[in-house]
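Handing you a structure now.
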Amino acid sequence: MTRHAIYPGSFDPVTNGHLDIVRRCRPLFDRVTVAVAVNPSKHPMFSVSERLQMLSETFAEFDHVEVASFSGLLVNFARDRQAQAIVRGLRAVSDFEYELQMALMNRRLAGTIETIFLMPSEEYTYLSSSIIKGVALAGGDVSSLVPPGVETLLKKKAHR
Ligand code: PNS
């Protein structure tokens, strides 16, 4: 059996924290699909195609890591892709309540798909896509916090 995990998120934009989670989960699974959730009620900075592009570039050198987008229920996407696990990063206690709610709801919807939490390296525990967008839009340097291509895209958005 192929061990396949879905790593879902908004990835608006992908950060070095996300990258760290994929690095950690890669040896645990045969395949990892990094999946951008399409959520019409959110107003992301980057379009779905921009996010897919930046994820494809970020993970280009990673074996057995794919990039995809999905709309609707995550568990349906995971089932369609025959994945056994959903991976989420857990940074701090403040993440826990929301993550627990999602994990238990996903278990109720699809009892055979397990959610697995991975802790990022401590240097990324304070990182989030939102804080990076805020800093970049205000002209701050985020070069050590995001993959190189993402920094360029953030700079373009900041100068619009
Ligand atoms: O990066 P994010 O925004 O914290 O990711 C949240 C995400 C995309 C994983 C979550 O909102 C999600 O799974 N959305 C898909 C809709 C769904 O399946 N909802 C039921 C689970 S509570």
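Indicate the gyration tensor shape class of segment 1-68 (rounded, prolate or oblate), computed on the Cα atoms with a ≥ b ≥ c the square roots of the eigenvalues: a/c under 1.5 is rounded; otherwise a/b larger than b/c is prolate and the rest oblate.
prolate
Which of the three applies to segment 54-110, rounded, prolate or oblate, going by the alpha-carbon gyration tensor with a ≥ b ≥ c and a/c under 1.5 meaning rounded?
Values: a/c = 2.40, a/b = 1.32, b/c = 1.82.
Since a/c reaches 1.5 but b/c is at least a/b, the shape of segment 54-110 is classed as oblate.
Ok, one more. Sorted from largest down, what three extents in whole angstroms do the Cα atoms of the chain have along their principal axes?
Largest first, the chain extends 46, 32, 32 Å along its Cα principal axes.
Find, among the trypsin sites (Lys or Arg not before Pro) in segment 1-91, those assigned to loop by DSSP (not H, G, I, E, B) with at most 11 other beta-carbon atoms within 10 angstrom.
Lys42
Still on this model: What is the angle, in °, between the Cα long axis of helix 148-158 and the longest principal axis of the Cα atoms in the chain? Nearest 10 is fine, range 0 to 90.
Computed tilt is about 60 degrees.
State to the nearest 20 debye the size of the charge dipole of segment 4-125 about its Cα centre, where the only charges are +1 on K and R beta carbons and -1 on D and E beta carbons.
Dipole magnitude for segment 4-125 comes out near 400 debye.
So if I take the centroid of the Cα atoms in segment 1-54 and the same for segment 103-123, what is the distance between those two points in Å?
Each part's Cα centre sits 14 Å from the other's.
All of the numbers you see were taken from the coordinates with simple rules; none came from a lab. As the structure is a computational prediction, the values presented were derived from the model and not from experiment. Cβ atoms come from the backbone with ideal geometry, glycine included; neighbour counts cover every protein chain shown.
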